[in-house]
Amino acid sequence: MSNKLPVLSTPPGDVTKSKDLLAYYLAQVRKYPLLSAEEEKVFALQFQETGDRQAAERLVTANLRLVIKIAFQYHRQWANVLDLIQEGNVGLVEALTRYDPYREVRFSSYAQYWIRAMILRFLLDNFRMVRLGSTRAGRKLFFQLQKERDRIVEEGLSPSPKLLADRLGVTEKEVNAVDQHLRAAALSLDASTSDADNGRPLSEVVPEATPQNPELQTAKSELGALINQKLNTFAETLADDRERAIWDLRMRASDPLSLSALGKQYSVSKERIRQVEERIKKRLKLFLEKELGDEIDFEFQIDR
């Protein structure tokens, strides 16, 4: 199945402005009925077994409202929500081509991942184009950073941001910014599906990212990169020295300090450090929900 959506009726001639087009689109989408879990499964099986285009269209059109809902969660990052809806619709169709109706998860729950992934990839691509692609040095850095790092290691040297910047003719700040995207730090991302699917984490629902599934690997990496960027932005809001220490030495450290160690450092009990940490987590949750949407369930896991 090609990544094409059913054609909605042509808007009237006087509908030209973006706001009017959006209102018209929303009105058209509301005309499509939603599907029950049983109906979803029937249509998904029909499409998988026979390639029934009408069944595919019923699944897609019934979930166009889901795309709109998710697209509006990212409206702060992109002014024209129609662009986000368009990218989300591509993700919806992609989900249909990959969905396995024999797995115990609703199509709408499965599709959320692909809708969000395509929107995030669009935002990141445009972020890179503006921030990195505006200069020749920026484009060079994006494509050559990892190669240069490997070359430096082979020479027996440490690939510090300063050395990388000198070799590539850019600033240390630019190196750090691009490195943040390329590393896509390992984050605990386990967005849950709806209650209808027993709240199963998406890691159990979405196919595993493998070399045979590069699109999913790319989407997961880009999602991690965007959240890593948001974490850095959140860190800048921590003005208190003790909060910054808990953030840097515990919440984001690869080898986190214990509550007791931080308590001794600041002459307070470990319970007080735990309370401050919980306060930071609550603020972080609100921050990420505001920036990325309330369907992303982000949690720090600290074992000490």
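The values are calculated or read from the model by the stated rules, or taken from the named source; none is laboratory data. Just so you know, these numbers come straight off a predicted model, no measurement behind them. Using ideal geometry, Cβ is built from the backbone for each residue, glycine included, and neighbour counts are taken over all protein chains shown.
Numbers for the structure displayed
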read-out	value
Set L168, L141, L249, L202: member being touching a helix residue (DSSP H, G or I) at 6+ places or on another chain (Cβ under 6 Å) and modelled with pLDDT of 65 or more	L168
Single condition F300 does not satisfy, out of (1) exposed (fewer than 14 other Cβ atoms within 10 Å of the Cβ); (2) at pLDDT below 85; (3) not charged (D, E, K, R)	(1)
Evaluation of D125 against (1) modelled with pLDDT of 80 or more; (2) of a type in the set (D, E, K, R); (3) within 24 Å of the chain's Cα centre (by Cα) (one fails), failing number	(1)
Residue in the stretch 14-25 that is within 21 Å of S108 (Cβ to Cβ), at pLDDT 65 or above and under 29 Å from the mean Cα position of the chain (by Cα) present	yes
Test: residue in the stretch 49-67 that is under 17 Å from the mean Cα position of the chain (by Cα) and closer than 20 Å to Y25 by Cβ	yes
Residue within the stretch 74-89 that is more than 29 Å from L288 (Cβ to Cβ), out of contact with any Pro (no Cβ under 7 Å at 6 or more places or on another chain) and not charged (D, E, K, R) present	no
Considering residues of the stretch 252-294 that are outside any helix (DSSP H, G or I) and within 30 Å of V67 (Cβ to Cβ) only, the residue modelled with the lowest pLDDT	D294
Residues that are over 28 Å from R116 (Cβ atoms) and either in the same structural domain as Y74 (by TED's automatic domain parsing) or in contact (Cβ under 8 Å) with a residue 40 or more places away in the chain (or both), drawn from the stretch 244-289	R250, P256, L257, S258, L259
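Results for (1) assigned to a helix (DSSP H, G or I); (2) surrounded by 20 or more Cβ atoms within 10 Å (Cβ to Cβ), shown as yes or no for each residue.
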| position | (1), (2) |
| --- | --- |
| Y32 | no, no |
| E38 | yes, no |
| Q46 | yes, no |
| A56 | yes, yes |
| V67 | yes, yes |
| H75 | no, no |
| G91 | yes, yes |
